[in-house]
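S.K.: My questions will all concern the structure given below.
The values are calculated or read from the model by the stated rules, or taken from the named source; none is laboratory data. Note that the structure is predicted; figures quoted are calculated from it, not measured. Note that we place each Cβ from the backbone using ideal geometry, even for glycine, and neighbour counts take in every protein chain shown. Accessible surface areas use protein heavy atoms only, side chains included; no ligands, DNA or RNA. Shrake-Rupley method; radii C 1.70, N 1.55, O 1.52, S 1.80 Å.
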Amino acid sequence: MARYIITLASVLILSIAGVQRAVSQEDAERTLSRAQALYYEAHFKDSVDLLLPVGAALRQKTASLDLCINVKLQLALGYIGQNQTEEAKSVLTEVCMLDPEYSLDSNQFAPKVIALYDDVKAKQKQTRCETFCKDDDRLSKAGDAQGLLSMSRQVSPGCSCAATRDAAEVLFKQGVEAYKQENLGPALEKLRASLVFRPDHELA
């Protein structure tokens, strides 16, 4: 036990010191492997403590998306193992922000973990949709076609509200005007964007 405590303390000291320098992908992967081993030995807090400095360092540099997600998922598992649900939700929210379409494999994660993640993912999607609709509403009221064209590239499936319908109408009308002036390129771009916001817009 004494040897285990000394070894763990040494690893933690080295990991914390690592925050002060760039953490390489290889360093982070090795630390993640050690944290996973601690987790499977039911040393949940030790696993979290080991990963926290790595997670902080990865925010400050470019790292592979998969590595960032795997570190955060392992942190979440460590928090869940300690019944720290709110902390786990916070980390899982960061996973959703990194990759909104990411999903957990039922062969790798327990139903409890998947249910928690799916709940966080649904709430994050709702938040993104609400923000998107507010921005759409502002741009539609201003008649800002260029802003709406940019927003049309960010439409999330299933995100429909009065603001997206208004955006479709603004782009449709401006597309028709461009067509009347024989500006066919801009007309086509706006009509297509109108259909992104409202696929059932028959006139578009």
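S.K.: Say each of residue 70 and residue 45 gets a label point 7 Å from the Cα, pointing the same way as Cα to Cβ; how far apart are those two points in nm?
M.R.: Going by the 7 Å Cα→Cβ label model, 2.8 nm.
S.K.: Can you match Kirkwood radius over Cα pairs in Å to one of these, (i) 17.4; (ii) 19.9; (iii) 19.1, based on a calculation from the structure here?
M.R.: (ii)
S.K.: For the chain, which cysteines have no disulfide-compatible partner, meaning no other cysteine Cβ under 4.7 Å?
M.R.: 68, 96
S.K.: How much of the pair distance distribution for segment 102-204 lies past 23 Å, counting alpha-carbon pairs only, in percent? Intermediate values should be presented prior to the final figure.
M.R.: Working: 1995 of 5253 pairs.
So the pairs more than 23 Å apart make up 38 percent of the total in segment 102-204.
S.K.: Give me the lysines in straight-line cross-link reach of residue 141: C-alpha distance below 21 Å, same-chain residues under 8 apart excluded.
M.R.: 173, 190
S.K.: May I pose another question? Ignoring ligands, DNA and RNA, what percent of the accessible area of segment 70-204 is carbon or sulfur (1.4 Å)? Please report the intermediate quantities before stating the final value.
M.R.: On the way: 3910 of 7820 Å².
Carbon and sulfur atoms account for 50 percent of the accessible area of segment 70-204.
S.K.: How much length would be gained if the chain were fully extended between residue 103 and residue 85, taking 0.36 nm per residue of separation minus their Cα-Cα distance, in nm to one decimal? Write down the numbers at each step before the final one.
M.R.: Details: separation 18, 0.36 × 18 = 6.48 nm, distance 1.87 nm.
Length gained, residue 103 through residue 85: 4.6 nm.
S.K.: At a Cα cut-off below 15 Å, give the aspartates and glutamates reachable from residue 123, other chains included and same-chain residues fewer than 8 away excluded.
M.R.: 86, 94, 99, 101
S.K.: A follow-up question, please. Expressed as a rounded percentage, what relative contact order does the chain have, with Cα pairs under 8 Å and six or more residues apart?
M.R.: 12 percent
S.K.: Same structure again: On a full-extension model of 0.36 nm per residue, what is the gain between residue 122 and residue 24, subtracting their alpha-carbon distance, rounded to one decimal in nm? Don't skip to the answer; put the middle values down first.
M.R.: On the way: separation 98, 0.36 × 98 = 35.28 nm, distance 3.29 nm.
Taking residue 122 through residue 24 to full extension adds about 32.0 nm, to one decimal.
S.K.: Rounded to the nearest 10 Å², what accessible area does residue 169 have for a 1.4 Å probe in the complete protein model?
M.R.: 60 Å²
S.K.: Okay, next question. Pick from 115, 142, 193: which is most flexible by mean-square fluctuation in a GNM of the chain where alpha carbon atoms under 10 Å apart are linked?
M.R.: Sorting by GNM fluctuation, first place goes to 142.
S.K.: Could you give the distance between the Cα centres of segment 79-134 and segment 137-204, to the whole Å?
M.R.: 32 Å
S.K.: In a solvent-free Debye calculation with one equal scatterer on each Cα, what is log10 I(q)/I(0) for segment 35-89 at q = 0.18, 0.21 Å⁻¹, listed in the order of the q values?
M.R.: Evaluating at q = 0.18, 0.21 Å⁻¹ gives log10 I(q)/I(0) of -0.54, -0.71.
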